[in-house]
Amino acid sequence: MTAALRAAIHRAQETEPSAQQVLSPLHALGRRQLSQVDLIGQSLSTIAPATGMVFIALWMTVRDPGLGGVLTIAATTAVVVLVAVCITGFTRRLAAAGSLYSFVFQGLGTRAALATGTALIVGYLGIAVSVLAQGAGTVLDIGELVGLPVPDHGMWIVAIVILGGVVALIAVRGVRFATRAILIVECCSLVLIVATMIVVRDDTGVSATVQSDPSMSLLPFLALMTVLSMAGFESAAFFGPEARRPLVTVSRTVLITPLVVGVLFVFAAIASLSGRGSLIVDAYFGGLDSGAPWAVVLAVKTGMACSWFASTLGCAQAGSRLLYSMGVEGVLSSSLARVHGTLRTPCVAVLAFTGASVVGAGVYAASAGADSPAFDGVVEIALVTAYTLVAVASLRFLHRIGEDTTWTRVAGVFVALLGGGLLVSTAVDGIVRAALVVPVAGVVIVVSGAVWQTVLRWFRPRSLTTIGAFDTVETTDLLPGAGQLILDEDGRRRIVTDSVPGET
């Protein structure tokens with residue numbers, strides 16, 4: 001042990017803790033508790049890769065795009081990885097509970113951040129509504145398979161309420177418990193789906209299941225559906241303040257997750273080409289009426305139900321952190337910033353998000369059922385808007401701090417241009433299909449930032465100075481004797497060195 005190290009340890013032992021504590025804006029959350037595995041579980045569950053595999057098998061089997069479909073899915077995966085590269089430009093440098101919303105503020109300012117916040121709320125809430133309704137419907141299908149009576153359509157609403165309540169309880173129970181629970185659930189569903197594709201082969205083709213052809217050509221449609229199926233890969237970024245090594249583990253998760261899911265999707269596409277997709281598609285969409293064996297139908301339905309449930313929980317976890325961050329900043333009601341005193345979870349935000357999901361899923365079940373291209377189009381346009389804005393923000397942010405490289409510039413420009421093109425094509429497709437809600441939703445999301453900023457300037461001007469909150473060093477993070485953390489006149493954190501007698 002060197003003399004300098006010995007002196008530092010002695011100084012730490014002898015120094016009294018500072019009476020004035022400087023805390024992180026996100027201090028109320030349980031900081032530094034999530035491992036790499038927890039973060040991967042969060043992202044994987046939000047994506048629900050098992051459900052994506054089944055829908056990819058559907059389109060690969062019904063429309064038979066051949067090798068072009070496999071290559072399209074692989075290329076789309078590469079594009080999503082480029083989006084991940086843009087996001088890691090932020091996650092390697094700061095941890096924020098607002099994820100892309102907070103990141104875009106650092107690069108593009110208030111209006112773009114608020115528009116991103118709107119896009120994320122629409123996107124994550126839309127996913128939660130869809131997967132909760134689908135999950136409840138699949139649970140009822142399982143009930144019928146095992147002989148339980150399902151009296152009428154109202155039972156679907158009851159199942160939605162029950163599943164939503166379970167999701168809320170788990171999310172409030174604790175973030176580590178929730179991330180590990182959903183990882184186990186999603187892994188079980190993946191095992192069931194993958195095993196069924198490997199073991200069961202059916203060359204007889206797909207029976208008449210209730211499916212509609214996409215209005216656009218198949219390969220662009222497959223690309224869009226792959227992007228939608230991977231939505232939520234970045235959800236680990238909402239948990240930066242709660243991760244043990246956020247600048248490392250969150251970045252790894254954001255990069256690893258789309259690669260893993262992309263491999264699973266490509267596997268599903270290849271399996272479908274080899275005749276191992278038709279039976280699993282029939283089993284889920286057609287049930288026993290398709291002629292699929294009872295055991296296969298039960299296995300597929302169970303796997304899908306697990307995946308739908310895990311995705312609902314993952315969305316609730318991520319969406320509640322976004323609402324919490326906005327509550328801390330005063331952009332939304334400050335009640336959303338309340339955290340459970342013991343469990344350290346944003347309980348009010350969790351209840352608000354799951355409550356909205358349950359109501360939305362009830363309306364979805366009563367009106368749209370299991371097939372709503374317009375609904376999916378709104379979710380797609382919201383998520384693509386968020387990804388496009390974060391790509392542009394990464395260009396501005398990294399250039400401003402002097403840490404941009406050729407690779408980050410290429411990734412940012414490519415994603416921004418491609419994202420803009422996807423927004424235009426999705427809007428045009430919505431107009432062609434007479435689904436005007438899709439382009440209207442795109443316009444509303446884009447202009448929401450300016451409108452929201454104006455409203456805040458009138459009614460909550462102070463919130464405009466607190467947008468973009470991220471986790472910062474606080475007094476307890478410093479080794480005693482290393483100095484004191486203070487706030488200067490501008491509210492910036494500075495470490496003031498302790499004066500020690502006899503030392504220079």
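Just wondering, is there one or more residues in segment 147-167 that are buried (at least 19 other Cβ atoms within 10 Å of the Cβ) and more than 22 Å from A318 (Cβ to Cβ)? Yes, segment 147-167 has at least one match. Is it true that some residue in segment 156-176 is farther than 28 Å from A223 by Cα, in contact with a strand residue (DSSP E or B) (Cβ under 8 Å, 6 or more places away or on another chain) and in a helix (DSSP H, G or I)? Within segment 156-176, one or more residues are farther than 28 Å from A223 by Cα, in contact with a strand residue (DSSP E or B) (Cβ under 8 Å, 6 or more places away or on another chain) and in a helix (DSSP H, G or I). Among the conditions (1) touching a helix residue (DSSP H, G or I) at 6+ places or on another chain (Cβ under 8 Å); (2) at pLDDT 85 or above; (3) exposed (fewer than 15 other Cβ atoms within 10 Å of the Cβ), G449 misses just one, which is (3). One residue is enough: does segment 480-492 have a residue meeting the conditions at pLDDT below 75, surrounded by 12 or more Cβ atoms within 10 Å (Cβ to Cβ) and closer than 24 Å to A97 by Cα? Yes - at least one qualifying residue is present in segment 480-492. In the condition set (1) at pLDDT below 85; (2) surrounded by 14 or more Cβ atoms within 10 Å (Cβ to Cβ), L5 is compliant with all but (2). Where helices (runs of 4 or more DSSP H) fall entirely within segment 272-383, those with at least 3 residues that are small (G, A, S) are at 294-329, 347-367.
What residue, among those in segment 282-304 that are within 19 Å of G164 (Cα to Cα) and surrounded by 24 or more Cβ atoms within 10 Å (Cβ to Cβ), is modelled with the highest pLDDT? Once the filter is applied, the top-ranked residue is M304. Output the residues belonging to segment 240-263 that are buried (at least 21 other Cβ atoms within 10 Å of the Cβ) and farther than 25 Å from L322 by Cα. Result: G262, single match.
Within segment 384-407, work out how many residues are of a type in the set (S, T, N, Q), over 22 Å from the mean Cα position of the chain (by Cα) and either closer than 11 Å to C86 by Cβ or in a helix (DSSP H, G or I) (or both). Qualifying residue count for the region: 1. Checking the structure you have, find out if any residue of segment 48-68 is under 25 Å from R244 (Cα atoms) and either buried (at least 24 other Cβ atoms within 10 Å of the Cβ) or acidic (D, E) (or both). For segment 48-68, residues under 25 Å from R244 (Cα atoms) and either buried (at least 24 other Cβ atoms within 10 Å of the Cβ) or acidic (D, E) (or both): present.
The residue that is nearest to F177 (Cα to Cα), counting only those in segment 327-379 that are surrounded by fewer than 20 Cβ atoms within 10 Å (Cβ to Cβ) and hydroxyl-bearing (S, T, Y), is T342.
Results for (1) among the aromatic types (F, W, Y); (2) without any contact (Cβ under 8 Å) to a residue 12 or more places away in the chain; (3) touching a helix residue (DSSP H, G or I) at 6+ places or on another chain (Cβ under 9 Å); (4) closer than 22 Å to A119 by Cβ, shown as yes or no for each residue.
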{"residue": "G362", "(1), (2), (3), (4)": "no, no, yes, no"}
{"residue": "F375", "(1), (2), (3), (4)": "yes, no, yes, yes"}
{"residue": "T385", "(1), (2), (3), (4)": "no, no, yes, yes"}
{"residue": "S394", "(1), (2), (3), (4)": "no, no, yes, yes"}
{"residue": "G412", "(1), (2), (3), (4)": "no, no, yes, yes"}
{"residue": "L418", "(1), (2), (3), (4)": "no, no, yes, yes"}
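Looking for something charged (D, E, K, R), modelled with pLDDT of 90 or more and either crowded, with 16+ Cβ neighbours inside 10 Å or not in a loop (DSSP other than H, G, I, E, B) (or both) - is there at least one such residue anywhere in segment 427-439? Checked against the condition, which is being charged (D, E, K, R), modelled with pLDDT of 90 or more and either crowded, with 16+ Cβ neighbours inside 10 Å or not in a loop (DSSP other than H, G, I, E, B) (or both), segment 427-439 yields no hits at all.
Of everything in segment 380-424 that is charged (D, E, K, R) and farther than 14 Å from F105 by Cα, the residue that is surrounded by the fewest Cβ atoms within 10 Å (Cβ to Cβ) is E403. Residues that are among the basic types (K, R) and farther than 16 Å from L190 by Cα within segment 262-302 are absent altogether.
Within segment 72-87, residues that are under 20 Å from T116 (Cα atoms) reach partners that are of a type in the set (D, E, K, R) with beta carbons closer than 9 Å, at six or more positions or on different chains, in the pairs V83/E234; A84/E234; I87/E234. Return yes or no: is I170 within 29 Å of A435 (Cα to Cα), among the β-branched types (V, I, T) and at pLDDT 90 or above? Answer is no for this residue. For segment 301-337, name all the residues that are free of Cβ contacts under 8 Å to residues at least 24 places away in the same chain and either under 12 Å from G232 (Cβ atoms) or out of contact with any Ser or Thr (no Cβ under 8 Å at 6 or more places or on another chain) (or both). Within segment 301-337, L332, S333, S334, S335, L336 qualify.
The values are calculated or read from the model by the stated rules, or taken from the named source; none is laboratory data. Everything quoted here is computed from the prediction, not taken from an experiment. Reconstructed Cβ throughout: ideal geometry from the backbone, glycine too, with neighbour counts over all protein chains shown.
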